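For reference, the structure is listed below as structure tokens.
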Amino acid sequence: MKIAAILTVFNRKEKTLHCLQCLYAALASYQSSEQAKGAISLSVFLTDDGCTDGTSEALRETFPEEDIRILQGDGNLFWAGGMRLAWQAAIDEGTDWDYFLLLNNDTYVYANLFDELLKADDYGKQLKGVGGLSSGITCEVGDKDNITYGGFNFVNKTKGRHVTVKPTGTPQEVDLVSGNILLVNKKVVETIGIFYKGFRHDLADHDYNMTANRHNFPVMVTANVCGECEFDHASNENEIQQLKKMTLAERKKYLSSPTHSDHDYLLLVRRNLPLRYPMTLLLRTIRLYCPSFYHRITQFRGVYKDSK
């Protein structure tokens, strides 16, 4: 079984080293377990998007050169662009990969990682006759009861409200998955390719799974927690309070940055929920020019209410 792990990094040397050490420890644990369905050949494709903290050098010193392919970015790829570069490099290598494992470098996987992901993929095959996407559920560091990433289900698709899926001991089909830990069956890539090129930083993973859904691929989460990843996203409430304190010029600068831009969110809606796009564009324009009014509107309508 051949798996290509896909990562992109920018100046998080210690986290990246720990992430990969956990990944290889999980691989060794699976290879030696009774649950193993055969040997796994794992290769890492990693984009260094302009790191200045010696990340690439540390990786070369720590891991065998043949295990990790390092792609060089210019510092302007951000998450979606960096993942596309590494993912495409894996494809271009010509190896007949069985799976692609997308992994965030601030995610520290457990020993059960491969067993959980492969069981989720098998469960999806039972549901729809083909492998799909399998997202590993993560928790806060040291707290398995506090789920951070993995899968989400809509409670109101029109308003964009969703809840985080909790592990049940059985793989579950879900509406949305995150790319913190995401096993992608080769059949998905053969059908829909990799992340859509229009995404700069955020939400490429949600767009990818919604595209996979339209092609009738199963979108699953693991039965149990299989890693730790700190939840580091500001809530919608906190961000709007921050925007209210800014001048218009400051808001324009803030919202033009790929890490905060409305671009990726609007693209996600336009590609996947086109009937929502006109209202979403209007609301985001109001948020830019009059965040206090936007806050009152969204509070009244219950739009984007944070649910975990």
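The values are calculated or read from the model by the stated rules, or taken from the named source; none is laboratory data. For clarity, every value in this text was computed on a predicted model and none was experimentally measured. Heads up, the Cβs are rebuilt from the backbone with ideal geometry, glycines too, and the neighbour counts pull from every protein chain shown. With ligands, DNA and RNA removed, areas are computed over all heavy atoms of the protein, side chains included. Shrake-Rupley method; radii C 1.70, N 1.55, O 1.52, S 1.80 Å.
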(request) Using the structure shown, decide if Asn146 is in contact with a strand residue (DSSP E or B) (Cβ under 7 Å, 6 or more places away or on another chain) and open to solvent by 50 Å² or more (accessible area, probe 1.4 Å). (result) yes
(request) Check off (1) in a helix (DSSP H, G or I); (2) in contact (Cβ under 8 Å) with a residue 60 or more places away in the chain for Arg200 and give me the number that stays unchecked. (result) (1)
(request) Might you let me know whether the stretch 231-242 holds any residue that is touching a residue at least 40 places away in the same chain (Cβ under 8 Å), of a type outside the set (Gly, Ala, Ser) and closer than 29 Å to Leu113 by Cα? (result) yes
(message) Please go through (1) open to solvent by 10 Å² or more (accessible area, probe 1.4 Å); (2) of a type outside the set (Val, Ile, Thr); (3) modelled with pLDDT of 95 or more for Lys157 and return the number of the only condition it doesn't satisfy.
(response) (3)
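So that you can scan it fast, the table gives a plain yes or no per residue for (1) in contact with a His (Cβ under 7 Å, 6 or more places away or on another chain); (2) touching a residue at least 24 places away in the same chain (Cβ under 8 Å); (3) outside any loop (DSSP other than H, G, I, E, B):
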{"site": "Thr8", "(1), (2), (3)": "no, yes, yes"}
{"site": "Asn11", "(1), (2), (3)": "no, yes, no"}
{"site": "Lys15", "(1), (2), (3)": "no, yes, yes"}
{"site": "Cys19", "(1), (2), (3)": "no, yes, yes"}
{"site": "Cys22", "(1), (2), (3)": "no, yes, yes"}
{"site": "Glu34", "(1), (2), (3)": "no, no, no"}
{"site": "Lys37", "(1), (2), (3)": "no, yes, no"}
{"site": "Phe45", "(1), (2), (3)": "no, yes, yes"}
(request) Working only within the stretch 168-185, note down all residues that are open to solvent by less than 50 Å² (accessible area, probe 1.4 Å) and not polar (S, T, N, Q). (result) Gly169, Pro171, Val174, Leu176, Val177, Gly179, Ile181, Leu182, Leu183, Val184
(request) Collect the residues in the stretch 123-139 that are touching a residue at least 40 places away in the same chain (Cβ under 8 Å) and over 11 Å from Phe217 (Cβ atoms), keeping them in residue-number order. (result) Tyr123, Ser135, Gly136, Ile137, Thr138, Cys139
(request) Would you be able to say whether some residue in the stretch 69-85 is open to solvent by less than 10 Å² (accessible area, probe 1.4 Å), in contact with a Ser or Thr (Cβ under 6 Å, 6 or more places away or on another chain) and in a loop (DSSP other than H, G, I, E, B)? (result) no
(message) Given the criterion touching a Pro at 6+ places or on another chain (Cβ under 7 Å) and over 18 Å from Thr259 (Cα atoms), identify the matching residue among Lys119, Lys125.
(response) Lys119
(message) Give me the residue from the stretch 187-219 that is closer than 17 Å to Leu103 by Cβ and more than 15 Å from the chain's Cα centre (by Cα) and, out of that set, least open to solvent (accessible area, probe 1.4 Å).
(response) Val188
(request) Those residues that are open to solvent by less than 50 Å² (accessible area, probe 1.4 Å) and either at pLDDT 95 or above or not in a loop (DSSP other than H, G, I, E, B) (or both), I need them from the stretch 86-97; list them, please. (result) Ala86, Trp87, Ala89, Ala90, Trp97
(message) Here's a check for you: in the stretch 243-302, which residue that is among the β-branched types (Val, Ile, Thr) and assigned to a loop (DSSP other than H, G, I, E, B) is surrounded by the most Cβ atoms within 10 Å (Cβ to Cβ)?
(response) Thr259
(message) Of all residues being among the hydroxyl-bearing types (Ser, Thr, Tyr) and open to solvent by 20 Å² or more (accessible area, probe 1.4 Å) in the stretch 17-31, which is nearest to Pro64 (Cα to Cα)? Just the residue, please.
(response) Tyr24
(request) Determine whether the stretch 34-41 contains at least one residue that is of a type in the set (Lys, Arg) and at pLDDT below 95. (result) yes
(message) Can you go through Asp115, Asp121 and tell me which one is part of a helix (DSSP H, G or I) and in contact with a Leu (Cβ under 8 Å, 6 or more places away or on another chain)?
(response) Asp121
